[in-house]
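Novice: Let me give you the structure first, and then I'll get to my questions.
What follows draws every value from the coordinates through simple rules; no lab data is involved. All values reported here derive from a predicted model rather than from experimental measurement. Quick reminder, even Gly has a Cβ in these numbers, built from the backbone with ideal geometry, and neighbours come from all protein chains shown.
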């Protein structure tokens with residue numbers, strides 16, 4: 001047993017336990033992600049039982065890599081008796097022969113051709129997209145090596161693409177940690193930064209908002225994150241009708257989703273990789289029997305979902321309705337029903353809606369942009385296909401939540417005349 005003197009914060013401990021072969025951590029500035037990554041490399045190298053274990057730390061530029069990580073690597077590596085440190089070539093080698101080396105993505109030829117048992121890619125937002133697929137990924141193949149991506153958002157780039165891919169892939173782990181999640185900075189300092197930085201800077205650097213630089217994002221990350229931190233007492237939503245939103249997988253990469261909502265409380269959705277409609281219909285039927293919703297709205301856009309609706313009705317579930325996103329909106333200011341549903345979600349969140357604490361859901365809710373640049377001057381939401389092409393993921397979970405706002409459902413109990421959630425003036 002070797003004590004390196006590292007005492008992880010709770011979020012770092014949780015990450016160590018949750019990491020998979022491929023993992024993506026999006027963390028605010030000064031959150032402790034680089035130290036976490038270096039300790040992940042050292043831990044793996046010390047445990048390596050293979051001959052000539054090889055591990056890498058890659059940053060956008062070699063000088064940057066040396067400045068950011070070399071001091072951390074050598075500080076902890078020196079605590080292991082028998083460690084060899086090569087200052088010139090920027091590697092450390094432990095007594096078991098496992099080596100960790102520092103690389104710069106600006107010198108891809110210095111990386112190419114070798115192998116990795118594990119690799120950390122830091123500041124991913126500043127690294128060329130092709131480096132992963134053309135250089136690093138093949139180096140992990142023969143020894144089934146692992147990869148950990150870490151960084152802070154800087155618009156739409158490799159980090160956002162990898163993050164959204166990871167959210168949709170059960171074999172990957174992905175998580176966002178804002179300045180309110182890590183306890184790395186004091187609350188007073190966070191508040192000073194919020195006041196001194198521009199809104200865009202604070203959202204991007206401290207709230208890890210990929211869309212911070214976009215002025216036409218429908219739902220901001222602050223709004224979505226605030227909703228995940230709300231706790232509602234049951235009496236404050238029990239009067240409202242129970243509604244299920246069901247998004248049916250369109251194609252290979254999409255997922256089937258069942259999302260329950262009752263008034264201002266949204267509950268944890270059931271997310272299932274693509275299944276035949278008849279199989280998925282049985283799972284939806286089980287949820288209907290268990291939860292007894294007043295209405296179930298099923299996405300039947302493009303013909304998908306039609307069999308789900310048909311089978312549910314054949315099983316005797318009459319309170320089921322198909323919804324086509326391109327249908328005419330109830331209000332003239334929206335281009336279609338999908339835009340109207342998503343704007344209803346945005347209003348619901350601002351009015352005190354409570355979300356389950358799911359990074360994937362937050363990312364999807366903050367992904368779509370909107371515009372009114374069309375002949376009718378009506379509000380239009382970015383299409384699902386455009387989001388998939390831009391981010392490499394489809395907002396299936398968020399679409400399922402939006403479906404719970406498809407049409408009004410009558411409440412059976414009177415609404416209480418009290419604040420909807422603790423600390424709110426909402427009534």
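Novice: Output the 0 to 90 degree angle, nearest 10, between the alpha-carbon long axis of helix 158-168 and the longest principal axis computed from the alpha carbons of the chain.
Specialist: On a 0 to 90 degree scale, this one is about 60.
Novice: I want the antiparallel fraction of DSSP beta bridges within the chain, as a percent rounded to 5.
Specialist: Details: 21 of 56 bridges.
Percentage antiparallel, nearest 5: 40.
Novice: For the chain, with a Gaussian network of springs between Cα atoms less than 10 Å apart, report the residue from 410, 323, 120 with the top mean-square fluctuation.
Specialist: Maximum among the listed residues: 410.
Novice: Is the shape of segment 63-147 rounded, prolate or oblate, going by the alpha carbon gyration tensor and its root eigenvalues a ≥ b ≥ c, with a/c under 1.5 for rounded and a/b larger than b/c for prolate?
Specialist: Numbers: a/c = 2.19, a/b = 1.41, b/c = 1.55.
It is oblate, given that a/c is not under 1.5 and a/b is not larger than b/c.
Novice: If one computes the Cα centroid of segment 28-88 and of segment 122-148, what distance in Å separates the two points?
Specialist: Taking the Cα centre of each part, segment 28-88 and segment 122-148 sit 17 Å apart.
Novice: Only one of the values [x] 171; [y] 131; [z] 145 was calculated from this structure for volume of the Cα convex hull per residue in Å³; name its label.
Specialist: Label [x] holds the value from this structure.
Novice: Using alpha carbons only, how many degrees (0 to 90, rounded to 10) separate the axis of helix 277-291 from the longest principal axis of the chain?
Specialist: 70
Novice: Which shape class, rounded, prolate or oblate, goes with segment 10-205 when its Cα gyration tensor gives a ≥ b ≥ c as root eigenvalues, a/c under 1.5 marks rounded, and past that a/b bigger than b/c marks prolate?
Specialist: Numbers: a/c = 1.71, a/b = 1.44, b/c = 1.19.
In terms of gyration-tensor shape, prolate.
Novice: Between residue 110 and residue 200, what's the calculated FRET efficiency when r is the beta-carbon distance and R0 is 45 Å? Round to 0.05.
Specialist: Numbers: r = 35 Å, r/R0 = 0.78.
For residue 110 and residue 200, the calculated efficiency is 0.80.
Novice: Compare the peptides 394-406, 104-116 by average per-residue count of other Cβ atoms within 10 angstrom and give them in order, highest first.
Specialist: On the way: 394-406: 26.4, 104-116: 15.5.
Taking the mean over residues of other Cβ atoms within 10 Å, the ranking is 394-406, 104-116.
Novice: Is segment 230-310 rounded, prolate or oblate when judged by the Cα gyration tensor, a ≥ b ≥ c being the square roots of its eigenvalues, rounded requiring a/c under 1.5 and prolate requiring a/b larger than b/c? Walk me through the numbers on the way to the answer.
Specialist: Numbers: a/c = 2.43, a/b = 1.97, b/c = 1.23.
Prolate shape, in that a/c is at least 1.5 and a/b is the bigger ratio.
Novice: Please find the FRET efficiency linking residue 3 to residue 332, where r is the Cβ-Cβ separation and R0 is fixed at 56 Å, and quote it to the nearest 0.05. Spell out each step's value before the answer.
Specialist: Values: r = 67 Å, r/R0 = 1.20.
Given R0 = 56 Å and the Cβ-Cβ separation, E is 0.25.
Novice: How big is the convex hull of the Cα atoms of segment 221-403, per residue, in Å³? Write out the running numbers ahead of the final one.
Specialist: Numbers: hull volume 21.6 nm³, N = 183.
For segment 221-403, the hull spanned by Cα atoms encloses 118 Å³ per residue.
Novice: Remind me, relative contact order of segment 221-403 in percent, using alpha carbon pairs under 8 angstrom and six or more residues apart?
Specialist: Details: 329 pairs, mean separation 49.2, N = 183.
It rounds to 27 percent for segment 221-403.
Novice: By DSSP, what percent of the beta bridges with both residues in segment 221-403 are antiparallel, rounded to the nearest 5? Present the calculation step by step, with values, prior to reporting the outcome.
Specialist: Values: 14 of 24 bridges.
If I count the DSSP bridges inside segment 221-403, around 60 percent turn out antiparallel.
Novice: Based solely on its DSSP helices, what 222 nm [θ] is calculated for the chain when runs of n ≥ 4 H residues each add -39,500 (n - 2.57) and the sum is averaged over all residues, nearest 500 deg cm²/dmol? Walk me through the numbers before you get to the answer.
Specialist: Working: 14 runs with 132 residues, N = 427.
After summing the helix terms and dividing by residue count, I get -9000 deg cm²/dmol.
Novice: Would you mind checking the tilt of helix 33-47 against the longest principal axis of the Cα atoms of the chain, expressed as 0 to 90 degrees and rounded to 10?
Specialist: Around 60 degrees separate the two axes.
Novice: A further question on this structure: Show me 30-40, 377-387, 122-132 ranked by packing, highest mean number of other Cβ atoms within 10 Å first. Mind dumping the intermediate values first?
Specialist: Working: 30-40: 21.5, 377-387: 16.5, 122-132: 19.5.
Packing proxy ranking, top to bottom: 30-40, 122-132, 377-387.
Novice: For labels at residue 144 and residue 71 in the simple 7 Å Cα→Cβ model, what's the distance in nm?
Specialist: Modelled inter-label distance: 3.9 nm.
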